[in-house]
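I have placed the structure first, in the form of structure tokens, so that the comments after it can refer back to it.
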Amino acid sequence: MEEKYLVLRSYIHSREKDFKVSFKHEDLEQLWFCTRRNVKRVLNKLEADGYFRYIPGRGRGNYSVLLFNQSFKEEIEAYIKKYVELGNLDMVAFILRLPIPRSWLIQLSSASEFQKLFGFKRHSISKDILYMFKSREVSTLDPVNVSIALEVHLTQQLGDTLVCYDSERNRIIPHLAHHFIVDQSELIYTFYLRKDVHFHNMDKLSSLDVAFTVERLKTKSKAYAWLVESIKKVECETPYKVSIHLKKRNSLFLQMLSTATFCILPSNTPFNEQEWIGTGPFLLKERSKSKIILQAFEHYFKERALIDEVHFYTVSKDAANVLYLQSNPEKSKTKIEEQTLQDLCVVFLLFNQNRNTILKNSLLRTAIYHLMDLPKMIKDLQLNVCEASSFSEMRSKHLEKNQKLISTLLIKANYAGEEMKLGYLDNELTAVEAKWIIEEAGNVGINLKLMPISHTDFYDQTIMNEVDLLFMKMIFSIDRHLSFMSIFRNEHLSIMQFLQTETVEFIKQQLNAFEGAHNFNDREQIIIETERILRDEKHLVFLYHPTITRTIDPIIQNATHHSYGHVDFRKLWLP
């Protein structure tokens, strides 16, 4: 009943005056997901338990009234204190998912009793646990589908690949395979598997598991089928020797094998997201909508993770932003540090030229290009970003925009105020930026409508195809060249589906040349030329590169950032 009460109070808090609020029973039917009769039963039960005084409205359509005993802020503080003392993290996280004011969260986060529940804790001599927050439910952990940074990162903690990419030296190193050979034709890749590698269910890794993983990618994945399209066949010559035959040369093939999508899965166990079985340094101990627990895999074939468990709790976006990764605040007197990550992602507008015929007109796209005044956007929204003209921050520079040209361009494009849907991945920060775009567009006669897209719907192509303009953030892995391939080959990212046929054909030619290029500089030139066409012909509008800031208590050792900007859990430790 406490949960129902807290959901109710947070829902109507903004309408309260002097601990009193009026409401209609029909409002609570959707809030509590129950019938009108059950709403009244719950209200009577809550009144009997002393939560409030309930005065039913008399007559059809009249408002009912609730009289509360104290302020909601005082109640939140009391509940947090109660569940902190009980060590009930699930209820604390539940409260932090409620839409409570940010100022309350700031006060809560500064309380040492509250802080002791989160961050890095040593529960006993032998068990270190890291408690972290996430602001949304994880959508999928299936390697054949994961396309969002957090999900990719979690998959990398649960599974392993045949080889790994060493970004510092720009080379491929063995991993599940202790050695590999590429024949002179560069069409046969032979891998020699480590012996005594165990899956989380204690089955041993064999060449059959490699063949199964490749076949599963071929048949189960639309997003990543491009990773295996050049594979002709897989030969399991012995339990520990497997050869992959290619149809054509692919200079990036080893890098493709290093992606999270190629995490090797057991051939004799059907894949189950709730019981994820891989060979990774962590196993999936628990997964629900509000919590994920990773546990160090004791039989990992390499060095065991130094931390024992990582607990993720789903909380509101505000709560996730206010609270930071920290150790016990009573022992840590050092000031928290900020780590900034540069050149990790880019934000841009993408035009769906196949759904909306008016967007095939380059003059309309050019008008929207001039609409996006980045210095003004940065100033108005106080963004910590730098302007983008490329996928890479290192190549980006300021682009001149001239809003005086917009009205003429709209007339020449025969734009008559047709409504266009602006899609964006639904979170609070992106919503603010999308609304800014809507307002700016409205000021010059461009009719845009907001279309929020949930993280689950991001994987639904039918929903994505309803978008006219996509406000999109692209986060890159440490392998920038493979990330460039994924931008266009991953169907979940929608870019190729939004472009006209001639542009798609051009990009396909560029990607074929990219795969065949053995020289790093040659591939860089292909990227630059592809960006130029997309930018100059206004197929997309580069907006900005965010500066990602992570806060962390400096007592936590070796908090290095892994691919996609997330902390590599296997290396963390506490003195």
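Rounded, prolate or oblate: pick one for the stretch 149-271, where a ≥ b ≥ c are the square roots of the eigenvalues of its C-alpha gyration tensor, a/c under 1.5 means rounded, and failing that, prolate if a/b is larger than b/c, else oblate.
rounded
Relative to the present Cα-Cα distance, how much length would full extension add between Leu363 and Glu505 at 0.36 nm per residue of separation?
Working: separation 142, 0.36 × 142 = 51.12 nm, distance 2.18 nm.
Here the segment from Leu363 to Glu505 would lengthen by 48.9 nm.
Could you give me the ³J(HN,Hα) list for the stretch 29-38, computed from phi with Karplus coefficients 6.51, -1.76, 1.60 and θ = phi - 60°, whole Hz, x at Gly and Pro?
4, 6, 5, 9, 6, 8, 6, 4, 4, 6
Where does each of Phe351, Phe180 land when they are ranked from fewest to most other beta-carbon atoms within 10 angstrom?
Phe180, Phe351
Taking 30 Å as R0, compute the FRET efficiency from the Cβ-Cβ separation of Arg15 and Ser454 and round it to 0.05.
Using R0 = 30 Å, I get an efficiency of 0.65.
Residues with amide H under 5 Å of Arg136's amide H, sequence separation 5 or more or different chain, H placed in the peptide plane at 1.01 Å from N; which?
Under 5 Å from the amide H of Arg136: Val315.
If I model a spin label at Lys289 and His25 as a point 7 Å from the Cα along the Cα→Cβ vector, what separation in nanometres do I get?
Output for this residue pair reads 2.5 nm.
Starting from one equal scatterer on each C-alpha and no solvent at all, send me the Debye-based log10 I(q)/I(0) for the chain at q = 0.05 Å⁻¹, two decimals.
Log10 of I(q)/I(0), two decimals: -0.26.
How many nm separate the modelled label positions at Ile129 and Tyr63, each set 7 Å beyond the Cα in the direction of the Cβ?
4.4 nm
Take His178, His398 and order them by how many other Cβ atoms sit within 10 Å, fewest up front.
Listed from fewest to most nearby Cβ atoms, that is His398, His178.
Assign unit charges at the C-beta atoms only (+1 for Lys and Arg, -1 for Asp and Glu), then state the dipole size of the chain relative to its Cα centre in Debye, rounded to the nearest 20.
Dipole magnitude for the chain comes out near 1000 debye.
By its C-alpha gyration tensor, with a ≥ b ≥ c as the square roots of the eigenvalues, how is the stretch 345-546 shaped: rounded for a/c under 1.5, else prolate for a/b larger than b/c, else oblate?
Rounded.
Once label points are set 7 Å from the Cα along Cα→Cβ at both Leu86 and Ser251, what is their separation, rounded to one decimal in nm?
Going by the 7 Å Cα→Cβ label model, 6.2 nm.
Sort Ser267, Ser407 by Cβ crowding within 10 Å, fewest neighbours at the top.
By the 10 Å Cβ count, ascending: Ser407, Ser267.
Taking R0 as 25 Å, what FRET efficiency do you get between Glu428 and Arg355 from their Cβ-Cβ distance, rounded to the nearest 0.05?
Efficiency, rounded to the nearest 0.05: 0.40.
Every number here is computed from the coordinates shown, using simple stated rules; none is lab data. Everything numeric in this text was worked out from a predicted model, so none of it was measured. Positions of Cβ are generated from backbone atoms using ideal geometry, with glycine treated the same way; all protein chains shown enter the neighbour counts.
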